[in-house]
1. Is it the case, given these coordinates, that residue 122 is touching a helix residue (DSSP H, G or I) at 6+ places or on another chain (Cβ under 9 Å), assigned to a helix (DSSP H, G or I), crowded, with 18+ Cβ neighbours inside 10 Å and at pLDDT 95 or above?
2. Can you tell me which of (1) crowded, with 19+ Cβ neighbours inside 10 Å; (2) modelled with pLDDT under 90; (3) more than 32 Å from the chain's Cα centre (by Cα) is the one residue 144 doesn't meet?
3. Any residue that is over 30 Å from residue 312 (Cβ atoms) and touching a residue at least 24 places away in the same chain (Cβ under 8 Å) - is there at least one of those in the stretch 91-112?
4. Say whether the condition of being surrounded by 11 or more Cβ atoms within 10 Å (Cβ to Cβ) and closer than 15 Å to residue 241 by Cα is met by at least one residue in the stretch 74-96.
5. Find all pairs meeting these conditions: Cβ atoms under 7 angstrom apart; at least six residues apart or on different chains; first residue within the stretch 177-194 and outside the structural domain of residue 279 (by TED's automatic domain parsing) and outside any helix (DSSP H, G or I); second residue modelled with pLDDT of 95 or more and crowded, with 21+ Cβ neighbours inside 10 Å.
6. Take residue 135 and tell me if it is surrounded by fewer than 18 Cβ atoms within 10 Å (Cβ to Cβ), more than 22 Å from residue 220 (Cβ to Cβ) and out of contact with any helix residue (DSSP H, G or I) (no Cβ under 9 Å at 6 or more places or on another chain).
7. Filtering the stretch 268-307 down to residues that are more than 28 Å from the chain's Cα centre (by Cα), touching a residue at least 40 places away in the same chain (Cβ under 8 Å) and not in a helix (DSSP H, G or I), which residue is farthest from residue 182 (Cα to Cα)?
8. Could you check how many residues of the stretch 57-71 are exposed (fewer than 14 other Cβ atoms within 10 Å of the Cβ) and either more than 22 Å from residue 26 (Cα to Cα) or in contact with a strand residue (DSSP E or B) (Cβ under 9 Å, 6 or more places away or on another chain) (or both)?
């Protein structure tokens, strides 16, 4: 026969069960949709202390019991839902472009310079190798491309006759995004994968320019590249720097644990690569619509390439982060405080 205490506990559980089930249902809806109505939100706020009291009572009755564990899960889910920061797409994008991306780019600036220098060295090595041993160009270019260059043409000539600009642009920016993400992700292998891809791309560009220079076509190749090349090469360098940060987080986590350092590097690198991928879409459109079109003279191509590159640098905060009004007010207050002291 149950004791009076057991009967009171059973009555309490039966009385509160409907509220707990209703709260679990509301929490599941919020977690699935990410939305909550005003009335439901107010009810959840009022239930928060009630669930806390129920959990304390359940722990006192049976600390390791099923009811206590269930209420712990409900309380944790309710806490996450109530204290989750509000999402605002416009505000999030503003914060991303005005504060986070410039901060991340500034943090990676030395690595970007190192990657660019390594790429330049690999390009010089590729140029020397093909200029000295022209037969080695087959390692970097297809047989068809080699034959066309030997015949006085570039493989880029007549691209618009092969496929429309829309299809060409889609293929180009898809490939460029995949290459950039691969450069970034392979940095997790202690940066070795990033070094390999950066080096091979540098070798290839140097070798191709050396081979075309032997046939007086290097100028035409540069004319083809200039409209989109500034941004594409810059993003390759940025992806390499972000990849190196992954490898460094594993090899030298500093004062953080390796897991925490890698998570931070991956999160910040992913945000930076998101912005870079947006610019690669634009570069692909330029490469599909402008670069192969002979109607665009060299000055126009150069202006497009430099202007788009400047936009990228602005997004990265290369010309200094924008100072907000609150920052300026804070600076004035600090200055006044110094004068008063």
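The values are calculated or read from the model by the stated rules, or taken from the named source; none is laboratory data. Small disclaimer: the values here were computed from a predicted structure and weren't measured. Here the Cβ is made from the backbone with ideal geometry for all residues, glycine too, and neighbour counts use every protein chain on show.
1. yes
2. (1)
3. no
4. no
5. As it stands, the answer is none, since no pair meets every condition given.
6. Taking the combined requirement at face value, the residue satisfies it.
7. 296
8. Residues flagged as exposed (fewer than 14 other Cβ atoms within 10 Å of the Cβ) and either more than 22 Å from residue 26 (Cα to Cα) or in contact with a strand residue (DSSP E or B) (Cβ under 9 Å, 6 or more places away or on another chain) (or both) within the stretch 57-71 amount to 5.
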